[in-house]
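Peer 1: Sharing a structure with you now.
The values are calculated or read from the model by the stated rules, or taken from the named source; none is laboratory data. No experiment lies behind these values; they were computed from the predicted model shown. Note that we place each Cβ from the backbone using ideal geometry, even for glycine, and neighbour counts take in every protein chain shown. Protein only, heavy atoms only, side chains kept; ligands, DNA and RNA dropped before computing areas. Shrake-Rupley method; radii C 1.70, N 1.55, O 1.52, S 1.80 Å.
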Amino acid sequence: MLSLYRFRFVVVSAVILLMPASRAVTEPLTISQLLDIRHPSEPVWSPDGRHIAYLWDRCDVVNLYLADPVSGVQPRALTHFEEGKVANAFWSHDGNSVYFTHGDKLWNVPEADGLPVVVWTMPAATGLLEPSPDGTQLAAAVPDSSGGQTLVVRTLATNATRTLALNNGTIYSIRWSPDAQRIAFIGDGKLISHDTSPQYSGDKLIYRATEYVNGHLYVVPAKGGVPMMLPGHESEYEGANWVGDSRLVYERQSADFKDRIIVTIDADSGAEHVLHTDHDPTFWSLPDDEAGGEPLPSPDGKWIAWISDAADGWDHLYIAPSDGGQPIQLTSGHSEAWRPAWSHDSHSLAFDINDADHPGDRRVGVVSIGADPAPHSVRYRASAEGTNTEPHWSPTDNLLVYQHTDWQNSADLYTIATSGDGAPVRLTNSMPGTLDKSLLVRPEYVTFPGADGTPVPGWLFVPKDPDRSKKHPAIVWIHGDGINQDYDGWHIQRNYAVYYSFHQYLLQQGYVVFAPDYRGSIGYGSKWRSAVYLDVGGKDAEDASRAGEYLATLPYVDASRMGVWGLSYGGFFTLIAVTRHPLLFRSAVDVAGVVDYALYYDDPYHGDWTASRIGTPQQNPQVYANASPVSHIGELQRPLLILHGTADVNVPFIESVRLIDEALKQKKGDLISFMMYPGEFHYFSREQVLSDAWQRVDRFFAVTLQPEQQQPGKR
């Protein structure tokens with residue numbers, strides 16, 4: 001069947017980035033170099049716009065740095081912690097120092113040379129911290145003796161702390177009003193632990209799942225007073241934000257997951273007004289966490305912006321008057337516009353966007369609006385080849401800081417002027433100086449026939465200067481999350497950038513690598529994203545498996561030496577591939593994959609995600625049966641390596657325990673290799689875990705796919 005299709009290869013045209021001078025080649029690409037790549041995040045402008053504070057993450061050790069947004073000189077470290085994470089960075093009112101948390105302490109460090117000092121030892125298990133708009137106060141949720149949390153406000157200049165609200169439950173989503181006179185928060189949230197000790201694991205081990213119960217929306221005067229609980233609908237307040245000083249806006253979903261409703265509420269009377277409703281006949285699939293799709297009020301409170309795909313199936317930017325009115329669409333085309341950000345003067349919105357011809361590239365745009373936004377204009381500022389995302393306005397709205405990745409560069413921060421023709425200024429260089437970029441391989445965007453012949457997009461990596469007269473081993477990488485995608489270069493998220501890095505290492509070892517964006521992936525419009533409806537583990541998983549069949553058609557790929565691996569949802573698809581097509585791949589690696597969606601649904605943390613796509617096990621038992629690779633593990637015929645962290649909440653560790661138990665019952669133990677990582681979460685992050693995992697995967701694929709290279713002196 002595959003020979004009937006003609007494959008389309010599209011190579012994106014090259015644009016040279018402004019980069020530091022290359023260094024001399026020192027050594028081939030190594031796993032140690034990959035671990036030395038740092039990921040920047042959370043840039044915060046100083047009040048005067050002269051500096052940008054940001055976090056730099058190296059293997060889960062996160063420190064605070066300072067960059068100059070204009071000169072692009074070498075960033076300066078403000079902290080030098082050797083373990084733990086700096087978080088919650090914000091500038092002091094005068095802009096002379098930066099506050100941050102590390103461990104259970106609030107610290108302050110001068111922007112000029114100086115050492116960090118502890119300014120508050122916070123009570124253990126203190127929750128969210130939220131600085132006031134002017135940076136003079138800090139609101140925090142601290143635990144109390146009753147098992148609930150208390151909302152407190154700390155004046156930073158005097159360290160005086162006052163109590164605002166006692167709450168029986170968990171407090172989260174703390175929001176100051178723009179005038180700093182009131183604080184909105186969600187209280188009464190509950191964390192309910194459910195413990196189990198299944199028979200196959202024994203009663204000495206307890207597996208804990210946590211149920212999150214939504215709270216209620218409160219408003220309390222910042223100087224003290226009685227909190228007012230606002231009336232809500234089903235106690236859901238996703239993305240609650242202030243609209244001016246007297247109203248809030250939030251979104252909720254209908255019980256059947258098909259409607260997204262944007263609501264404003266008066267903070268004094270509690271009167272609600274439905275501003276806008278979107279309906280999807282399958283399920284509302286907009287990837288809010290990725291797209292920044294929550295309703296976003298303008299600083300002056302006149303407008304509310306949001307992302308919607310309801311008009312034509314593509315994610316576009318809309319605004320409407322906060323008092324109500326017809327929404328106005330600001331972007332258009334077969335593109336997905338995400339991560340909007342208002343300028344401080346409320347006259348412009350920055351965002352990032354791709355297009356149908358370049359789904360793995362993104363550019364930063366700015367749309368300007370007037371009193372009547374109908375005649376608006378869009379201009380594109382950051383359009384360098386690669387993925388340009390997440391713009392943040394400078395205090396005077398003349399600059400944007402954003403993240404850039406491409407095939408030769410992991411995530412870095414850049415700035416660019418919001419008007420004129422100025423070139424971008426690079427602020428960071430996240431790769432180690434010893435890494436030779438000439439060894440890196442650029443992906444090709446291709447399509448291949450997936451399930452039912454539907455064209456599936458993907459990214460093909462071929463080793464540099466391959467001997468095309470030889471047959472090469474190949475590996476299919478299946479991304480996780482379902483609602484995620486591969487990019488034209490390094491992934492923008494640190495969680496997946498580490499896998500992209502490791503694939504560059506595998507390419508150097510002679511493997512062809514292929515990364516499909518199976519149906520359900522983002523970046524290709526809502527029709528592709530919602531095509532998993534009532535079919536999780538069906539055509540989407542078949543798309544991923546057929547990526548192997550596509551590789552087998554390439555004349556330089558050895559179809560007898562193909563491997564497959566994936567993380568999370570990708571691990572789930574990996575397990576389906578090796579049980580549904582047991583001879584297609586020579587070996588497989590499952591990293592924290594779901595083994596049974598009925599078990600996954602029973603974990604309260606994931607019930608809504610699963611129910612929105614495939615209902616409940618009682619409603620659709622056949623769909624759940626199809627999404628249960630553990631039930632078919634007896635079909636396994638090739639080696640399988642399983643990696644999982646014990647502290648995983650995304651895909652609980654018990655999933656892999658059950659898989660191994662069933663594999664042993666089916667007498668497949670000789671095919672299973674397993675490594676657990678104590679205390680590790682879903683996305684491997686610590687150096688000792690990443691180092692072991694990558695070396696383990698390297699050896700596993702080498703033994704199963706390149707046995708001839710295992711002779712002494714061959715590797």
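Peer 1: Could you check the stretch 168-179 and list, in sequence order, the residues that are open to solvent by 10 Å² or more (accessible area, probe 1.4 Å) and either under 19 Å from T101 (Cα atoms) or more than 31 Å from the chain's Cα centre (by Cα) (or both)?
Peer 2: Taking the stretch 168-179 as the starting set, the residues that turn out to be open to solvent by 10 Å² or more (accessible area, probe 1.4 Å) are 168, 170, 172-173, 175-176, 178-179.
Answer for the stretch 168-179, where residues must be open to solvent by 10 Å² or more (accessible area, probe 1.4 Å) and either under 19 Å from T101 (Cα atoms) or more than 31 Å from the chain's Cα centre (by Cα) (or both): N168, Y172, S173, R175, D179.
Peer 1: Only one residue in Y250, Y218 is part of a strand (DSSP E or B), surrounded by 14 or more Cβ atoms within 10 Å (Cβ to Cβ) and over 27 Å from the mean Cα position of the chain (by Cα). Which one?
Peer 2: On the way: Y250 fails: over 27 Å from the mean Cα position of the chain (by Cα).
So the residue among Y250, Y218 that is part of a strand (DSSP E or B), surrounded by 14 or more Cβ atoms within 10 Å (Cβ to Cβ) and over 27 Å from the mean Cα position of the chain (by Cα) is Y218.
Peer 1: Separate question: Looking at D278, D312, which one is farther than 26 Å from Y218 by Cβ and open to solvent by 20 Å² or more (accessible area, probe 1.4 Å)? Walk me through how you get there before you give the answer.
Peer 2: Numbers: D278 fails: open to solvent by 20 Å² or more (accessible area, probe 1.4 Å).
Answer to the check: D312.
Peer 1: List the pairs whose first member sits in the stretch 364-375 and is within 22 Å of Q403 (Cα to Cα), whose second member is of a type in the set (G, A, S) and open to solvent by 20 Å² or more (accessible area, probe 1.4 Å), and whose Cβ atoms are under 6 Å apart, counting only residues at least 6 apart or on separate chains?
Peer 2: Final answer for the pair search is S368/S377.
Peer 1: Name the pairs whose Cβ atoms lie under 8 Å apart, with the first residue in the stretch 410-422 and surrounded by fewer than 23 Cβ atoms within 10 Å (Cβ to Cβ), the second acidic (D, E) and at pLDDT below 95, and 6 or more positions between them or separate chains?
Peer 2: Here the result reads none, with nothing in the stretch 410-422 linked to a residue that is acidic (D, E) and at pLDDT below 95.
Peer 1: Which members of the stretch 624-641 meet the condition of being assigned to a helix (DSSP H, G or I), in contact with a Leu (Cβ under 6 Å, 6 or more places away or on another chain) and either at pLDDT below 95 or not β-branched (V, I, T) (or both)? It would help to see each step written out before you state the result.
Peer 2: Step one: filter the stretch 624-641 for residues assigned to a helix (DSSP H, G or I), giving 624-626, 629-635.
Still in the running and in contact with a Leu (Cβ under 6 Å, 6 or more places away or on another chain): 629-630.
Passing the criteria: only P629.
Peer 1: Tell me which residues, restricted to the stretch 377-409, are modelled with pLDDT of 95 or more, open to solvent by 40 Å² or more (accessible area, probe 1.4 Å) and either in contact with a strand residue (DSSP E or B) (Cβ under 7 Å, 6 or more places away or on another chain) or farther than 25 Å from S501 by Cβ (or both).
Peer 2: Passing the criteria: E390, H392, P395, T396, N398.
Peer 1: Can I ask one more? Got at least one residue in the stretch 203-211 being surrounded by fewer than 17 Cβ atoms within 10 Å (Cβ to Cβ) and in contact with a Leu (Cβ under 8 Å, 6 or more places away or on another chain)? Working first, answer last.
Peer 2: Going through the stretch 203-211, the residues surrounded by fewer than 17 Cβ atoms within 10 Å (Cβ to Cβ) turn out to be 203-206, 208, 210-211.
Going one step further and asking which of them are in contact with a Leu (Cβ under 8 Å, 6 or more places away or on another chain), we end up with 210-211.
Yes: the stretch 203-211 contains one or more residues that are surrounded by fewer than 17 Cβ atoms within 10 Å (Cβ to Cβ) and in contact with a Leu (Cβ under 8 Å, 6 or more places away or on another chain).
Peer 1: Here's another thing I want to ask about it. Could you grab the pairs with beta carbons closer than 6 Å, sequence gap of 6+ or different chains, first residue in the stretch 139-167 and closer than 17 Å to L191 by Cβ, second one charged (D, E, K, R) and at pLDDT below 95?
Peer 2: Hits for this filter: T150/D144.
Peer 1: I would also like to ask the following. Go through the stretch 221-247 and give me each residue that's open to solvent by 70 Å² or more (accessible area, probe 1.4 Å) and on the phi > 0 side of the Ramachandran plot.
Peer 2: E234
Peer 1: Please identify the pairs in which a residue from the stretch 191-214 that is part of a loop (DSSP other than H, G, I, E, B) has its Cβ atom under 7 Å from the Cβ atom of a residue that is surrounded by 12 or more Cβ atoms within 10 Å (Cβ to Cβ) and modelled with pLDDT under 90, counting only partners at least 6 apart or on another chain.
Peer 2: Close Cβ pairs satisfying both conditions: N214/G189; N214/S235; N214/E236.
Peer 1: Identify, by number, the condition in (1) on the phi < 0 side of the Ramachandran plot; (2) crowded, with 19+ Cβ neighbours inside 10 Å; (3) not aliphatic (A, V, I, L, M) that D481 doesn't meet.
Peer 2: With (1) on the phi < 0 side of the Ramachandran plot; (2) crowded, with 19+ Cβ neighbours inside 10 Å; (3) not aliphatic (A, V, I, L, M) applied to D481, the lone miss is (1).
Peer 1: State all residues of the stretch 648-690 that are within 18 Å of N495 (Cα to Cα), surrounded by fewer than 16 Cβ atoms within 10 Å (Cβ to Cβ) and modelled with pLDDT of 95 or more; if no residue qualifies, say none.
Peer 2: Within the stretch 648-690, G679, E687, Q688 qualify.
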